[in-house]
1. List the aspartates and glutamates whose Cα sits under 15 Å from the Cα of residue D:151, skipping any in the same chain fewer than 8 residues away.
2. Which value at 222 nm does the protein assembly as shown reach when only helices count, each DSSP H run of 4 or more adding -39,500 (n - 2.57), with the total divided by all residues and rounded to the nearest 500 deg cm²/dmol?
3. How well do other chains shield peptide A:247-258, expressed as the mean number of their Cβ atoms within 10 Å of each residue Cβ?
4. Along the Cα→Cβ direction, 7 angstrom out, place labels at residue A:590 and residue B:416. What is the inter-label distance in nm?
5. Where the centroid of each part is defined by its Cα atoms, how far is segment A:313-384 from segment A:473-531 in Å?
6. Give the Rg (one decimal place) followed by the Dmax (whole number) of chain B, computed from C-alpha coordinates and expressed in Å.
7. Given Cβ point charges of +1 (Lys, Arg) and -1 (Asp, Glu) and nothing else, what value in debye, to the nearest 20, does the dipole of the protein assembly as shown about its Cα centre take?
8. Rank the residues A:549, A:461 as a footprinting-exposure proxy: fewest other Cβ atoms within 10 Å of their Cβ go first.
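Derivation of every value follows stated rules applied to the coordinates shown; laboratory data play no part. Since we're looking at a predicted model, the values are computed, not measured. Cβ placement follows ideal geometry from the backbone for every residue including glycine, while neighbour counts extend to all protein chains displayed.
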Amino acid sequence: MAEYNMHILVCGGTGCKASESELIKSNFQHRLNEFGLSDEIQVVLTGCFGFCEKGPIVKILPDNTFYTQVTPEDVTEIVNEHIIKGRKVERLLYRDPETHELVGDSKGMDFYKKQIRIALRNCGFINPENIEEYIGRDGYAALGTCLSEKTPDEVIEMIKDSGLRGRGGGGFPTGLKWQLTRKSVSDQKYVVCNADEGDPGAFMDRSILEGDPHSVLEAMAICGYCVGADKGLVYIRAEYPLAIERLKIAINQAREYGLLGDDILGTGFNFDVEIRYGAGAFVCGEETALIHSMEGKRGEPTVKPPFPAEKGYNGKPTNVNNVETFANIPVIINKGPEWFASIGTEKSKGTKVFALAGKINNVGLIEVPMGITLREIIYDIGGGIKDGREFKAVQTGGPSGGCLTKSFLDTPIDYDNLVAAGSMMGSGGMIVLDDTDCMVAIAKFYLEFTLDESCGKCTPCRIGNKRLHEILEKITEGNGKVEDLDRLRLLSNVIKDTSLCGLGQTSPNPVLSTLDHFYDEYLAHVTTASCPAGQCKALMHYSIDPDKCTGCTLCFRNCPVGAISGERRAPHYIDQSLCIKCGVCVAKCKFDAVLIG
Amino acid sequence: MEMINLTIDHKPVVVRKGTTVLKAASSIGIDIPTLCYMKLDDMNIENKPGGCRVCVVEVKGRRNLAPACCTEATEGMEISTHTIRVVNARRTVVELILSDHPADCLICAKSGNCELQDMAHHLGIRQIHYEGAKSMYREDTSPAIIRDINKCIMCRRCETMCNDVQTVGVLSAINRGFNAVVAPAFEMNLDHSVCTYCGQCVAVCPTGALTEVDQTGAVIRALSDPTKTVIVQTAPAVRAALGEEFGMPAGTLVTGKMVAALRRLGFDYVFDTDFAADLTILEEGTELLNRLSAFMEGDKNVKLPILTSCCPAWVKFFEHSFPELKDIPSTARSPQQMFGSIAKTYFADKINVKRENLVVVSIMPCLAKKYESSRPEFSVNGNPDVDYALTTRELAHLINLGNIEFKSLPNEEFDAPLGESTGAAVIFGTTGGVIEAAVRTAYEIFTGKPLPRIDFEELRGMDGLRKATIDFNGTPIHIGIAHGLGNARKLLEDIQAGHSEFHAIEIMSCPGGCIGGGGQPYHHGNAEILKKRQRAIYSEDRNKILRKSHENPYIVKLYEEFLGAPMSEKAHHLLHTKYFDRS
Amino acid sequence: MNKIKNLADLKKLQSEVQSKIKLREKGDSPEQLVQIKVSMATCGIASGAKETMNFLIEELDHQGIDAIVTQTGCMGYCYAEPTIELTIPGKAPVVYGFVNKNKALEIIEKHIKLNEMVDGIIPVAYSTIENK
Amino acid sequence: MPGIKLSEKTIGIIQQICSDFRNEGSELINVLHQTQGKLGYLPAEVQEVIAKELNISVAKVYGVVTFYSFFTMIPMGEHPISICMGTACYVRGSEQVLAEFKRQLSIEVGQSTPDNKFSLNCLRCVGACGLAPVVMVGDKVYGRVSPQMVKNIISEYKEGCASEAKSA
């Protein structure tokens, strides 16, 4: 195989793919071909770089140039200027939002400075469709070491010593889980990888599977060796076609190389992996529901115990871990548990991948050491709040989590601190909110999600969440009463206390946490029927300031419902009975004459 | 056996490992309320989805409340069943259910028998603090069952019965979240589905979501119509359960009071389905013997085993699921239909009443009987052999409407000629009974000798699948018994696969047989009630002087006067039927 | 591809393929490595820059020296092609002209290994973007 | 209940899919995925064939189909439009975008236009949060969509660029 002098890495994550990164890749290949450079320069479609805000990303190595928001048309310029003439294309370089200076090298970007990439170590680095690149990065070495040099108990001890906890949300110690499954006696056991990532706004598992599928397969095999399973199943959302495709390729390659299948590395250990598809049910992230779904049933959870470690898939002991958890395993084996445990806080070791989104400049996927503060994430990595607005809160843990306010900006982030703060780690969604976000509406948004995704099996989640949502709806429509706020809290607590599974037990968290931190905002909705953030439509009122209105008729012409009337060059008027509060008039008015109150 | 020590409400209790908190509590007299939970002991029927969350209790050291019905007791557990946290949660959960429930308790078919209503009463709920959207599903009426799933509380009992126990698979949880309910595929009407009308869903439904089609109004109209002669037949299992509706202990035989009540209600003749059961034995028994002898003589066209055909749910079940086996069951009609057929011919002639003016009402422990009586092949020129099939529960309503104080009624006798029966007919009401009755007669006809013993204990019991070999004087006859359609399915699959060892098989759809029928007083999950009814049936048999069907003098007379002989052409025409492929 | 039979085989394959992506790993910390840029515009290629570059890569690899060899555009010293720019960590870049295989070997042996500059240095006429 | 009659060919396709999965009831979800992939949706008649082939009750099949949001019993429009309602998109205004689509197409979520050209659905996070709010038409992703862009997106498909959308 030819060795390349230069590598052009094109992000093939879903976000960038949506912006035609595949076309960018093929354009590169065409141009390089024209210059006869195809043998010297390799173009690779990689997994997600994480810096989705500025995608598509193109990185050129070895000089480590980091181009952002590249379009297929830019390729010619990059080839002509950078590759041939050695001049970086300045307009595509990342510009530091604070200093406004160009940053040519990703090392110099704040976005990457504070990150430690363990689970994402190969994302944006290797070609996920080439097993040899993974092997070149110590891939399958951990599996080889485990099979040839360690007993399952020794490996489990290593995982326990590393302090790794489940990254799917609950934070259950991974080593302990493996040990429980190992202890169960059965003729058949299973290893399941939970890739049914469903939190709205979290996509780390998808990125890992798209960018580094072998790390998950390797870890599953190690897990199989430890718990005594020869069969692995990846339960993956059907909505992730690219991840599925890459995973399939990876499984086939691993089989071809003898790293999955019978007698792996001549050790007599057998392990193979199959894919099972989710079909759009958030509750299937819950282990027991996931197992039912894999069995071809409705994804309804059942009461635990019995835990899957005792009675799981097809009634057999089953170890379920999520993608990110697995992705950490090979590194722990290769670098040692002490190394891993040296990162993070006392009870939360290693790193966590967060999907940073919302009102923040650098939307993207980041991997940071446990114990990092929110401030570092939001301001250093995230580049601060979008449009220079004021930070209000950050929502973590998705529909199961809560909001962290300014006062938590300097709290080190780990499992326990987040729970103590009334939120949770969840799968790692981190939604940044600014002063224009209404917290009642946010709570309602998450509840809507739960309502949609509740399986309907238990009463509190099926009916309780519906009633919670109805109360919130009343409040955002200005029909709430102060007593409703007490009722919200009361009902929330009962739902938490009595629901069958994790979904219901955590579903009121967004409500409780916003009630705790933003009670005044709730109060404003119920006492003065106003929305301080100006987001609740029903509580808004559009009018035209006659002093500012020039009668240009722009609003009149753009109003979709004909609610605006008025003569040319005379102040216009909005008919409140017709107004649907769409905001078009505000957007169109050049004179700031439309008032919202 | 490992033992577990725990305390419940500060009382220490020792239970076997594997015991639930619910059972542990009940063993020391603490009754934790339950709603979705149901267990029929010894019958392998259990429904514990842990879904309603009414049975939650506080476990020391646990973050949230635990459902008692599906939480195993563990060593050192400290349980509290009525702290303020628990009571508040329990009441809130019930309030939530009520907030999504039609508020028509006063006129609901289940009023007075509703477990949700009882629960609201038990918890002293006086106000529902939650209001909002309610489920909006349409009502579905079939020949036997009404579904009003706006009253469904997702306890899933019906789903368990329909799928796990009966393996019919009509009902399933559908949709999700707030819209989740239990319904047939595509929310189709039951009468488009493969529903057998066994009624076990109705028997276990805690609310008014599943109820029977009420025909009491039609019966009252018939009774008040002077042009009609209204006669009634009562199935054997009814007399062993009707008393429960009037507060009498389970297992009380109320045959005489039932007859008295029916007479007071205005029925012109009070007859007994048992008479027709004896008739069934003669027809079915003869058919069995014919097939048996032909088989033994090597006739390759004869198929064995022969299957009983008294149970209409079972008949519909194999018509849907095993149509290729439809020539295996006996062609004998069920006792209800034999009765109707004889009543509207032989008896109508006897009392000189035109068929159209004779109304035959049957009192059945069963919902499928309503459907059976409506099958077109059981009517002549649109006039059904059996006009109305009421359940035991409907009869109780009628008696109440008649202002009859049931408990103090005298014992009265059935009318002749269709009221006389033997002990063999009585045991039709329980699993194993039909085949035992058939053995009593077949043995004597086959061997030409009197039975050395009359009680066949080996055919009795509550196990879902039973088998026995009866020595017919040197010829071993292998008999299989199944109750519950899931068990029946296993036997049918054996037959399909060609390795059934049996000569004859008795099948009843309902767990326990007709005593556990879908039309019986609600057992509310108490299997003891079924066992007591069974004991009552066997004691009625023992108390009879005549205990073999062929000894019933009125049956003998019927053949002499009217039918000729069992399996005669006339008998064929009036007492036998054929089956349809409904797959 | 034949199946990998044991751990030793795996390690063998690993070292084989490692060099293929080493470039990217080095790219993560370029400032700590020896960097060589080979001017590869039309004139450079015509003068044998490609051969020089390949030789540099092979030789450095052979000797186990971690270095980044990249191609770059025209440096402007067309008269002295092939030209390379050598940066030793912590030192200012140095440009050599007329770098054929022999010269390249000399540069490796003396400048890179012993930090002794050799003949043929061209005075730098401008600063690169990176140096700005 | 069935309202349409399946062709022998369609039945053959379904039977093939079922036998690819060894006619095992536990493979129901895989079978449904494949079938919907081939036929576009899962009408009652199709579910009946699947139930028969896998020897499970049709109620169970329906229970599963109605449980998972990925499965649909209604044929999708020629150009299925999906609005991402993930949190990132929500806080960046996807609600307004959805409202605009509803208004422009005069249909509700889960419906198709009378000419069957468009159908409208919501989905939860396609993982392109950097482009929020995100709209998908077929497999094509539109990022940073504003209500003002909705009209243009729709007209792209109205005026016969259908082939491009299909190939994506």
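1. Of all the aspartates and glutamates, those that pass the test against residue D:151 - Cα under 15 Å, at least 8 places apart if same chain - are D:100, D:159.
2. -10000 deg cm²/dmol
3. Working: counts 0, 0, 0, 0, 0, 0, 1, 1, 1, 4, 7, 8.
Neighbouring Cβ atoms belonging to other protein chains average 2 per residue here.
4. Modelled inter-label distance: 11.1 nm.
5. 31
6. 24.8, 79
7. That gives the protein assembly as shown a dipole magnitude of about 1720 debye.
8. Fewest-to-most ranking of A:549, A:461: A:549, A:461.
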